[in-house]
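Q: Below you'll find the structure I mean.
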Amino acid sequence: MIYVKNLPLWERLLRIGFGVAVVVYAAFNMGGALGWVVAVCGLGAALTGIFGFCPACALAGRRLKQRARPGQTTP
């Protein structure tokens, strides 16, 4: 894997749902260039949820807590 996931599952699901809702809203209720900009923003939010990686969160230093696997000790 090239990147390390930095979003928990609940936030990933929230981002996917929100992103899809924004794209649908922009497609049916907005027109012109502003509609396209809003739709692309919604698509970006959905993609960060799908991949589980947010570049802005990575720049801020956000990391997921690692769960200890069976037989593994934590320092």
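Q: Name the single residue, out of those in region 37-59 being under 14 Å from residue 4 (Cβ atoms) and small (Gly, Ala, Ser), that is surrounded by the fewest Cβ atoms within 10 Å (Cβ to Cβ).
A: 58
Q: Hey, among the residues in region 1-22 that are β-branched (Val, Ile, Thr) and at pLDDT 95 or above, which one's farthest from residue 52 (Cα to Cα)?
A: Among them, the one singled out is 22.
The values are calculated or read from the model by the stated rules, or taken from the named source; none is laboratory data. Note that this is a predicted model, so its numbers are computed, not measured. Because the Cβ atoms are built from the backbone with ideal geometry, glycine has one as well, and the counts that use them run over all protein chains shown.
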